[in-house]
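The values are calculated or read from the model by the stated rules, or taken from the named source; none is laboratory data. Fair warning: this is a prediction, and the values are worked out from it, not measured in the lab. So basically every Cβ, Gly included, is an ideal-geometry build from the backbone, and we count neighbours across all protein chains shown.
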Amino acid sequence: MESYRRSPTSIVPRFPDGSTVKVDRREVIIVKLIASDWKTRVYRAVECNEDRILKELLPGNNPDECSRHEALSGHPNIVRHITHLRGNHDGHRRLLLLMEYAPFGDLRDAVREFGPLRRQEAWNFFSQIVSALGYMHRKGYAHGAVHPRNVFVFGSDLCKLGDFGNGGWVYDDPRHKYHKIAPIESTDLQGAADTLLFCLIGCWPPPSFWERFMEIENEADAHWLLVDCGLKAVISVDELMYIRAFYDLRFTNRPIPEVYGPLRSSMECDYD
Ligand SMILES: Nc1ncnc2c1ncn2[C@@H]1O[C@H](COP(=O)(O)OP(=O)(O)O)[C@@H](O)[C@H]1O
Ligand SMILES: [Mg+2]
């Protein structure tokens, strides 16, 4: 009974720094633990002088993340999956996912360290995230947690979407058949718009911004919101009106950027 009450993190010990871990015939050396919570540990590691990330999914976490990630790997804006394995390590059964390492970490940490992105960089990142979402949605996967912590930075001109442990299956929602885009897909695109705002402003806007943002009806409202929040220099009225459209209550009215690629409804595929 005692062990039943203990959390997985206390039952399964973490890999010590400097230890060697075998993942599917590959050997990686643990450099350090960079993130952990009750369901996950994320280690920075090296394999033959190449930087890697080793993600350990603790008991109770969603094991589908590994196969989802593998199925999506291959797009230039999706973090590359290298391998995954469920096996015994030090007498404990562990599920390990090996992937490429993003030198600048996640986008939230990068923006906190280096400040807001330049306008063109922010829009470029937005396009890259939307392109990754179009790719995964056409395969039937919704991401479910698009925000700066799940976007990984490889340089000022390259970011990739990662962390596939949250989303659902687009075809579970019968509305995907009747609308050009299903609500969970539209919510992912809204997450990309949230991320764009974060990159342009350099932090999350305060609740007072969101209240007025959601009430924007015309260009004058957008103009005065930008003036009052001191954001005129980083976002134009046209840009704010476009971003606002991603939050339309009717998801079918929301914009679908061209870089998202063809909609399922325009493709001659039978996904059922
Ligand atoms: N490929 C990666 N490159 C660099 N840092 C990473 C990478 N993957 C994860 N991290 C770091 O670990 C944190 C948690 O990883 P994530 O996969 O989002 O796990 P969780 O499921 O706990 O949210 C990230 O926010 C980031 O700081
Ligand atoms: Mg995450």
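Here are the numbers for this structure:
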{"read-out": "Test: residue in region 43-60 that is modelled with pLDDT under 95, hydroxyl-bearing (Ser, Thr, Tyr) and in contact with a strand residue (DSSP E or B) (Cβ under 8 Å, 6 or more places away or on another chain)", "value": "no"}
{"read-out": "Lone qualifier among Ala233, Ala220 - being outside any helix (DSSP H, G or I) and loosely packed, with under 13 Cβ neighbours inside 10 Å", "value": "Ala233"}
{"read-out": "Candidate set: region 129-155, residues that are out of contact with any strand residue (DSSP E or B) (no Cβ under 9 Å at 6 or more places or on another chain) and within 16 Å of ligand 2 (Cβ to nearest atom); chosen: the one nearest to Val234 (Cα to Cα)", "value": "His147"}
{"read-out": "Tally, over region 242-263, of residues that are modelled with pLDDT of 95 or more, surrounded by 17 or more Cβ atoms within 10 Å (Cβ to Cβ) and assigned to a helix (DSSP H, G or I)", "value": "3"}
{"read-out": "Considering residues of region 156-193 that are more than 15 Å from ligand 2 (Cβ to nearest atom) and of a type in the set (Lys, Arg) only, the residue modelled with the lowest pLDDT", "value": "Lys177"}
{"read-out": "Residue list for region 197-213, restricted to those being surrounded by fewer than 14 Cβ atoms within 10 Å (Cβ to Cβ) and either under 15 Å from Phe126 (Cβ atoms) or charged (D, E, K, R) (or both)", "value": "Glu211"}
{"read-out": "Members of region 96-128 that are more than 16 Å from ligand 2 (Cβ to nearest atom), assigned to a helix (DSSP H, G or I) and not acidic (Asp, Glu)", "value": "Phe114, Arg119, Gln120, Ala122, Trp123, Asn124, Phe125, Phe126, Ser127, Gln128"}
{"read-out": "Condition check for Glu56: of a type outside the set (S, T, N, Q) and assigned to a helix (DSSP H, G or I)", "value": "no"}
{"read-out": "Residue match in region 214-236 (condition: under 15 Å from Phe126 (Cβ atoms) and of a type in the set (Phe, Trp, Tyr))", "value": "no"}
{"read-out": "Failed criterion for Arg212 (all others in (1) more than 24 Å from the chain's Cα centre (by Cα); (2) within 22 Å of Tyr260 (Cα to Cα); (3) among the charged types (D, E, K, R) hold)", "value": "(2)"}
{"read-out": "Some residue of region 86-93 being modelled with pLDDT of 95 or more and touching a strand residue (DSSP E or B) at 6+ places or on another chain (Cβ under 6 Å)", "value": "no"}
